[in-house]
Amino acid sequence: MIDLIFPDGSKREFEAGVTGRQVAASIAISLAKRAVLIKLDGELLDVDRALEKGGKFEILARDTPEALETIRHDISHILAEAVQELFPGTQVTIGPAIEDGFYYDFARDEPFSLDDLVKIEERMKQIVDRDEPIVREVWKRDEAIAHFKSIGEHYKAEIIEGIPAGEDVTVYRQGQWKDLCRGPHLPSTKAAGKAFKLTKLAGAYWRGDHRNPMLQRIYGTAWASEKDLEDYLHRLEEAEKRDHRKIGRAMDLFHMQEEGKGMVFWHDKGLTLWRIIESYVRRRLDAAGYVEVRTPQVLDRVFWEKSGHWEKYRPNMFVCETEEGEELSLKPMNCPGHVQIFKFGQKSYRDLPLRMAEFGACHRYEPSGALHGLMRVRAFTQDDAHIFCREDQIEEETANFIELATSIHSDFGLERDHIALATRPEVRAGSDEFWDKAEAQMLAAARKAGVEPVIAEGDGAFYAPKLDFVLKDAIGRTWVCGTIQLDYVLPERLDAEYVGEDGQKHRPVMLHRAICGSLERFIGVLIENFAGAFPLWLAPTQVVVATITSDADEFALKAAAALRAAGLRVETDLRNEKINYKVREHSLAKVPVIAVVGRREAEEGKLALRRLGSDGQQILTLAEAANSLASEANPPDIARQRRASAEASGVREPG
RNA sequence: GCCGCCUUAGCUCAGCCGGUAGAGCGACGCAUUCGUAAUGCGUAGGUCAGGUGUUCGAGUCACCUAGGCGGCACCA
């Protein structure tokens, strides 16, 4: 007999060998019908699996997250079955559930086509209709290897060969088709449902290693219901509309072209956005006690040899030669330059922490396949800084940085999803003791700032752990913006030192940190976050003064001048077009405020303000409009200052 | 870099079985002065990404190159 403990805490005895479905039936027939999986002591099992031991027991229906993942996994198997039916000779490899769906990797000489995808999808639906029972079988490891080899499934055989000898393996059978799989699965192909769609064809290396052969991966999405599927496809469409490459062109922010792969041509509107961001960040850094520097763009090879980049990073560096035979490299990063400034003259412990910032233009030769709009480029500007400090200052500096970065991200409307602590990678410099210490320091600093980081195992830089800021945008997608990395290595390599209280020379520690990451990428993220509809303080064009008739031209020009004098970025639209047309055009261009001027406004000296996304209007005098828009257009840090000083002066006032 | 797909007017896209280039938007011109998301008419605009080949004939077929897109690998 075995004891099963139900979620409500009640306990019941069952015969050993009872199945989840039988247990469910003992409670209610309807429950047995709905049951697709069970959970025993946290482990997911097939609903028809004979239970050999007792424990905490839960019956899962189709609408649970666990079932959804299993549905996706089932459908990847159905995909593999369909592919092998339609394309005999294709070898299967692996096919897991992933976020929003699943994929399956196949080995086949002939590439699949998009038309094949349609056929495969039809066949998959037939397999679901066939209602093939999905049955778990336990095989001897060696028999399984022999079996899969005999049917020409060499990748499968290789996978099983990785399983320790003597262990049994499980094989799931659906109809005539079998696959090595740990499970669990739903009871039959019908249970997987038809709320799925094959989405893309892609290449992927066997076992994720570029030295291995390339397989063909078929991606799909799968959901518990048709409605969820539709919602997902709709979300995809919405995300596509936000694509920064599309919006960047539509809003005339930037462009890229063939001759400058991975390089951005910033147009005036895009650069306006850039300048706003840069000056905002610069103000925040000034206020946080940073100094700003600028270091050379191109430096002699000798320099990079000393820093270690020539050896480690050479393939990613843009190198050039001069007539005189010098070999130079564009800087791929700013750190070695900053160390030179630190080393210039003598530094004392009194100078620490020294927070050295640079909006540093860097060039990296990224593989062509990695380039992606503004998100991954070859020429970019980091909002970089290095904090030179003593070891006992690491914690406080890191905690302060977390606060600063958090505040800046939230000013840009980006919510934090989590902070990741990236720990020691497999290939690394330094002893385990060093890593224990460094990881503990970063963890303590995060906690000091009130943050519990999510551990990202093995994601650290080769020289030290780091904290990465994972932000969430308006539609829930996450982006990594901002990082802080602890570095004991570079100060050592480049021989940076300061004189301590004891009069002796000491090695400083370096904290590499960025808040936006690269300005290019950050602007890309902002474009997608706001779908181009920037808040007033960021909008490249804040106000368009649009006339209804040419009688209002003179006043419109006067109004535009007055708004500009109040510090706003203003354009005029005096074209001989209907106001409907102008409103539509500027709305599509995501201009936050359209100031409409007709004969009436011109006579009364007023503006009719129309906000993007609303059809109401606000009639204000020119002076009122200039005042209220100008104050609304203040960057968040300046707005806070104004509020604070207003409050301070308010306190002093009597009464 | 690797696998697959794509590249036609400024933009978005049609173009069948190979027969010599189309639309909408935009631009420009004219008319229109019209109160909150598209006024009408007209005009111009193309070495069909580049190259080589097959063919009487190539936007269309084949091959090569480049760029883009989707993944993979990469992102010290």
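The values are calculated or read from the model by the stated rules, or taken from the named source; none is laboratory data. Since the model is a prediction, treat every value here as computed from it, not as a measurement. As a convention, Cβ positions derive from the backbone with ideal geometry for all residues, glycine included, and neighbour counts pool all protein chains shown. Note: areas computed on protein heavy atoms with side chains; ligands, DNA, RNA excluded. Shrake-Rupley method; radii C 1.70, N 1.55, O 1.52, S 1.80 Å.
Figures for the structure shown
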read-out: Subset tally (residues that are under 30 Å from A:I638 (Cβ atoms) and not basic (K, R)) for the range A:274-316; value: 17
read-out: Residues satisfying the stated conditions in the range A:592-604, i.e. more than 8 Å from RNA strand B (Cβ to nearest atom) and in contact with a strand residue (DSSP E or B) (Cβ under 6 Å, 6 or more places away or on another chain); value: A:V593, A:A595
read-out: Residues that are part of a strand (DSSP E or B) and either within 8 Å of RNA strand B (Cβ to nearest atom) or among the small types (G, A, S) (or both), drawn from the range A:203-216; value: A:G203, A:A204, A:Y205, A:M214, A:Q216
read-out: Of all residues making up the range A:398-419, the number that are farther than 18 Å from A:N529 by Cα, open to solvent by 10 Å² or more (accessible area, probe 1.4 Å) and not charged (D, E, K, R); value: 2
read-out: Yes/no for A:L490 being assigned to a helix (DSSP H, G or I) and open to solvent by less than 50 Å² (accessible area, probe 1.4 Å); value: yes
read-out: Filtered residue count, the range A:308-323, keeping only those that are in a loop (DSSP other than H, G, I, E, B), within 16 Å of RNA strand B (Cβ to nearest atom) and not small (G, A, S); value: 3
read-out: Criterion (of a type in the set (S, T, N, Q), in contact with a strand residue (DSSP E or B) (Cβ under 9 Å, 6 or more places away or on another chain), more than 16 Å from RNA strand B (Cβ to nearest atom) and closer than 23 Å to A:D48 by Cβ) met by exactly one of A:Q84, A:Q174; value: A:Q174
read-out: All strands (runs of 3 or more DSSP E) inside the range A:2-83 with 3 or more residues being closer than 28 Å to A:Q126 by Cβ and among the small types (G, A, S); value: none
read-out: Close pairs from the range A:572-591: first near RNA strand B (Cβ under 9 Å from one of its atoms) and polar (S, T, N, Q), partner open to solvent by less than 100 Å² (accessible area, probe 1.4 Å) and at pLDDT 95 or above, Cβ under 8 Å, at least 6 apart; value: A:S587/A:I594
read-out: Per-region count, the range A:253-268, residues open to solvent by less than 70 Å² (accessible area, probe 1.4 Å) and more than 8 Å from RNA strand B (Cβ to nearest atom); value: 8
read-out: Selection from the range A:377-414 of residues that are charged (D, E, K, R) and in contact with an Asp or Glu (Cβ under 6 Å, 6 or more places away or on another chain); value: A:R378, A:D384
read-out: Selected residue (only one of A:F462, A:F469 is open to solvent by 60 Å² or more (accessible area, probe 1.4 Å) and outside any helix (DSSP H, G or I)); value: A:F462
read-out: Residue within the range A:529-540 that is more than 15 Å from RNA strand B (Cβ to nearest atom) and either over 30 Å from A:G262 (Cα atoms) or modelled with pLDDT under 95 (or both) present; value: yes
read-out: Residues located in the range A:453-482, provided they are closer than 21 Å to A:E396 by Cβ, under 19 Å from the mean Cα position of the chain (by Cα) and more than 12 Å from RNA strand B (Cβ to nearest atom); value: A:P453, A:L467, A:F469, A:G482
read-out: Residue in the range A:551-560 that is over 20 Å from A:C362 (Cβ atoms), open to solvent by 10 Å² or more (accessible area, probe 1.4 Å), out of contact with any Leu (no Cβ under 9 Å at 6 or more places or on another chain) and not assigned by TED's automatic domain parsing to the domain that holds A:A438 present; value: yes
read-out: Residue within the range A:382-397 that is over 30 Å from A:S279 (Cβ atoms), within 16 Å of RNA strand B (Cβ to nearest atom) and open to solvent by less than 40 Å² (accessible area, probe 1.4 Å) present; value: no
read-out: Of the criteria (1) more than 22 Å from A:L538 (Cβ to Cβ); (2) part of a helix (DSSP H, G or I), which one A:L299 fails; value: (2)
read-out: Any hit, the range A:423-437, residues being in contact with a helix residue (DSSP H, G or I) (Cβ under 6 Å, 6 or more places away or on another chain), farther than 30 Å from A:I475 by Cβ and aromatic (F, W, Y); value: no
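Quick grid of which residues meet (1) surrounded by 14 or more Cβ atoms within 10 Å (Cβ to Cβ); (2) in contact (Cβ under 8 Å) with a residue 60 or more places away in the chain:
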residue: A:R211; (1), (2): no, no
residue: A:R235; (1), (2): yes, yes
residue: A:E238; (1), (2): no, yes
residue: A:G270; (1), (2): yes, yes
residue: A:I276; (1), (2): yes, yes
residue: A:R283; (1), (2): yes, yes
residue: A:A287; (1), (2): no, yes
residue: A:V293; (1), (2): yes, yes
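Conditions tested, residue by residue: (1) within 10 Å of RNA strand B (Cβ to nearest atom); (2) part of a helix (DSSP H, G or I).
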site	(1), (2)
A:R282	no, yes
A:K306	no, yes
A:G325	no, no
A:V339	no, yes
A:G345	no, no
A:G360	no, no
A:L374	yes, no
